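Presented below is the structure to which this report refers.
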Amino acid sequence: MGERSPGSLLLCFQFENDQALKAAEPHLLKWQKRLSAAMLKKGVILKDMRKHLTFTLKGPED
């Protein structure tokens with residue numbers, strides 16, 4: 001069997017509180033670009049980074 005790529009990708013960076021989230025939001029675009037570049041090096045092209053990387057207060061169970 002050959003390797004299969006995931007049909008979708010969503011990374012959520014969870015912050016402990018609203019203050020930390022607000023402080024990180026100006027850096028979101030930088031992290032989206034870093035993720036895109038890292039994935040491209042692995043041969044994965046992500047068309048719209050806003051759909052693949054978000055900052056949130058919610059945990060995996062929320």
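Could you look through region 4-37, keep only residues that are outside any helix (DSSP H, G or I) and among the charged types (D, E, K, R), and pick out the one that is surrounded by the most Cβ atoms within 10 Å (Cβ to Cβ)? Spell out how you get there, then give the answer.
Step one: list which residues in region 4-37 are outside any helix (DSSP H, G or I), which gives 4-17.
Still in the running and among the charged types (D, E, K, R): 4, 16.
Details: R4: 6, E16: 8.
Among residues in region 4-37 that are outside any helix (DSSP H, G or I) and among the charged types (D, E, K, R), the one surrounded by the most Cβ atoms within 10 Å (Cβ to Cβ) is E16.
Out of the residues in region 38-59 that are free of Cβ contacts under 8 Å to residues at least 40 places away in the same chain and more than 12 Å from L9 (Cβ to Cβ), state the one that is least open to solvent (accessible area, probe 1.4 Å). The extreme case among them is G43.
The values are calculated or read from the model by the stated rules, or taken from the named source; none is laboratory data. Please read these numbers as outputs of a predicted model, since none were measured by experiment. Reconstructed Cβ throughout: ideal geometry from the backbone, glycine too, with neighbour counts over all protein chains shown. We work out accessible area using only protein heavy atoms, side chains counted, and drop any ligands, DNA or RNA first. Shrake-Rupley method; radii C 1.70, N 1.55, O 1.52, S 1.80 Å.
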